[in-house]
Amino acid sequence: MIPSRRAFLKNGGLALFGLGFGGVPSFIARAANSQKINGLYQKNKVLVCIFQRGAMDGLMAVTPFTDEYLKAARPGLFMTAAKQTTATYTPLIDLDGRFGLHPSMKSFEPLFREKRLAIVHGIGSPNTTRSHFDAQDYMESGTPFNKGTASGWLNRAAGLLGHEGNPFTAVSVTSALPRALYGNFPALAINNLQDFALQTKSSNPTGNSMVSKSFEDLYDQASLGLLKETGKESFDAMKALKKMDTKNYKPANAAVYPNSPLGNSLKQIAQLIKSDLGLEVAFAESGGWDTHFNQGTDNGAFARNVTDLSTAISAFWTDLEQYHDSVTLMTMTEFGRTVKQNGTRGTDHGRASCNFILGNDVNGGLVHGQMLPLSVENLADKRDLAVTTDFRSVFSEVAASHLKIQQTTSLFPDWDGKNIGVMRS
């Protein structure tokens, strides 16, 4: 059974709940470890994860452009890094003579050249499901062969940090708490910082209307000793968030976020990091990666998606220049796409894809992983890029290295594989 993500404190007829986020977690009824110095939380290490929902075509994001089998399999989608005057598309960005970055991800190139950005190709789940829902669930739980796992791997990661945490240790900037943050450790989903509010249920005759209360009023009215004594840090932190000028936030270094759900999410995560409220695990998501129809090359649905992904991440990194040593960002997607294009100039559900890891402690400037020539005999089910890197090997290495989590067997039960060297030792 999945633990409840909603906690209620009752004082007579008073029920506390959250609007604009996925429920008030149990931190309200437990003491928070403040970790404060001079009134501010210490600058913790922060892991930011982005889930690309819908299954990104890794073979188009980072193309093995010298592979003749891929060229033959994708006559309408294949792109090359060669600069040809007759080409009808912008060429790929040649990364290493074998792999080319999609031209719409040009903002990633300097990060790759600076060796801050690493790519893992052939990454995926050992579970062969082609169901979006199941594959996402397995990846977020971190147990690809166990449907009944109650917690998500990021919730377990937060719980293994070595302290109880505060309300903003683990935050998802989404409309509902993602599967990756289910669990016993307090986690918060905030759809929009500007709308963040606590309200109380009215005791008027209708019993249904809502009356807004300030944090101060809500705290002062509570007579429960538990709330007074153990909830003070929680309310202090929420009041601090309430005072943030989120509406007029100006990113540093002239960073420009795209006006998209992902861009807005990363901008808000940057604000939380800069506010020193104790954030250590953050989550955002990007949709629209299920490219069955008219996928396009340097124009079209896929190009728009990777433009948004790369520019949002690059803006986030530019904005957080003073925090580069503290922040690592990692993307993930449930599976990849078929090697061969389909009859509607798109690609169908496949197996392996690629992901991106950004940070100062990343072994960047490399395309990690193993990819054999894409001939039929080397493909999974004779149609897909084979999974040669289990996603758990990368996720556990990133978490262990950046967040200093040692109990990786607790983080990913049933996983005892090796790291692939995506993080600097």
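The values are calculated or read from the model by the stated rules, or taken from the named source; none is laboratory data. Predicted model only: the values in this text are computed from it and were never measured. For neighbour counting, all protein chains shown are included, and Cβ atoms are generated from backbone atoms with ideal geometry for every residue, glycine included.
Only residues that are surrounded by fewer than 14 Cβ atoms within 10 Å (Cβ to Cβ) and in contact with a Phe, Trp or Tyr (Cβ under 6 Å, 6 or more places away or on another chain) were counted in region 391-406, giving 0.
Got at least one residue in region 46-53 being surrounded by fewer than 19 Cβ atoms within 10 Å (Cβ to Cβ) and out of contact with any strand residue (DSSP E or B) (no Cβ under 8 Å at 6 or more places or on another chain)?
no
The set of residues from region 273-292 being at positive phi, surrounded by fewer than 24 Cβ atoms within 10 Å (Cβ to Cβ) and at pLDDT below 95 comprises just one member, D276. Among the residues of region 261-286, not one is in a helix (DSSP H, G or I) and of a type in the set (D, E). A82 passes every criterion in (1) over 21 Å from F356 (Cα atoms); (2) in contact with a Pro (Cβ under 7 Å, 6 or more places away or on another chain); (3) modelled with pLDDT of 95 or more; (4) of a type outside the set (D, E) apart from (3). Just the residues that are without any contact (Cβ under 8 Å) to a residue 60 or more places away in the chain and over 21 Å from Y89 (Cβ atoms), please, taken from region 267-309. Answer for region 267-309, where residues must be without any contact (Cβ under 8 Å) to a residue 60 or more places away in the chain and over 21 Å from Y89 (Cβ atoms): K267, A270, K274, S275.
A399 meets the conditions (1) in contact (Cβ under 8 Å) with a residue 40 or more places away in the chain; (2) part of a loop (DSSP other than H, G, I, E, B) in every case but one. The failed one is (2).
Yes/no per residue for (1) farther than 30 Å from A81 by Cβ; (2) surrounded by fewer than 22 Cβ atoms within 10 Å (Cβ to Cβ); (3) among the aliphatic types (A, V, I, L, M); (4) at pLDDT below 95:
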position: D94; (1), (2), (3), (4): no, yes, no, no
position: G152; (1), (2), (3), (4): yes, no, no, no
position: H163; (1), (2), (3), (4): yes, yes, no, yes
position: A189; (1), (2), (3), (4): yes, no, yes, yes
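Out of region 137-172, which residues are under 24 Å from S401 (Cβ atoms), assigned to a loop (DSSP other than H, G, I, E, B) and among the aliphatic types (A, V, I, L, M)?
Restricting attention to region 137-172, the residues satisfying the condition of being under 24 Å from S401 (Cβ atoms) are 138-144, 149, 151-166, 168-172.
From the residues that got through so far, the ones that are assigned to a loop (DSSP other than H, G, I, E, B) too are 142-144, 149, 151-152, 160-166, 168-169.
L160, L161, listed by residue number.
When the residues of region 293-307 are filtered to those that are surrounded by fewer than 20 Cβ atoms within 10 Å (Cβ to Cβ) and under 20 Å from F112 (Cβ atoms), the one that is modelled with the lowest pLDDT is D298.
Among T388, T409, which is the only one that is surrounded by fewer than 22 Cβ atoms within 10 Å (Cβ to Cβ), β-branched (V, I, T) and without any contact (Cβ under 8 Å) to a residue 40 or more places away in the chain? So that I can check it myself, show each step before the final result.
Numbers: T388 fails: without any contact (Cβ under 8 Å) to a residue 40 or more places away in the chain.
Sole residue among the options that is surrounded by fewer than 22 Cβ atoms within 10 Å (Cβ to Cβ), β-branched (V, I, T) and without any contact (Cβ under 8 Å) to a residue 40 or more places away in the chain: T409.
Would you check if there is a residue in region 84-105 being over 30 Å from D325 (Cβ atoms), of a type outside the set (D, E), in contact with a Leu (Cβ under 8 Å, 6 or more places away or on another chain) and touching a residue at least 40 places away in the same chain (Cβ under 8 Å)? Yes: one or more hits. Of the residues making up region 136-147, not a single one is under 20 Å from the mean Cα position of the chain (by Cα), among the hydroxyl-bearing types (S, T, Y), at pLDDT 75 or above and surrounded by fewer than 21 Cβ atoms within 10 Å (Cβ to Cβ).
In region 312-352, how many residues are under 16 Å from the mean Cα position of the chain (by Cα), closer than 19 Å to R392 by Cα and not acidic (D, E)? Qualifying residue count for the region: 7.
Close Cβ contacts (under 8 Å, 6 or more residues apart or on different chains) running from residues in region 61-83 that are of a type in the set (S, T, N, Q) to residues that are surrounded by 19 or more Cβ atoms within 10 Å (Cβ to Cβ) and part of a helix (DSSP H, G or I) comprise T63/L70.
Say whether the condition of being at pLDDT 95 or above, over 20 Å from P64 (Cβ atoms), out of contact with any Lys or Arg (no Cβ under 7 Å at 6 or more places or on another chain) and surrounded by 23 or more Cβ atoms within 10 Å (Cβ to Cβ) is met by at least one residue in region 336-356. Looking for residues that are at pLDDT 95 or above, over 20 Å from P64 (Cβ atoms), out of contact with any Lys or Arg (no Cβ under 7 Å at 6 or more places or on another chain) and surrounded by 23 or more Cβ atoms within 10 Å (Cβ to Cβ), one finds none in region 336-356, hence no.
Within region 19-37, identify whether any single residue is within 16 Å of F302 (Cβ to Cβ) and either assigned to a helix (DSSP H, G or I) or modelled with pLDDT of 95 or more (or both), and answer yes or no. Break it down into steps so the answer makes sense when it comes.
Kept after step one, since they are within 16 Å of F302 (Cβ to Cβ), are these residues of region 19-37: none.
No.
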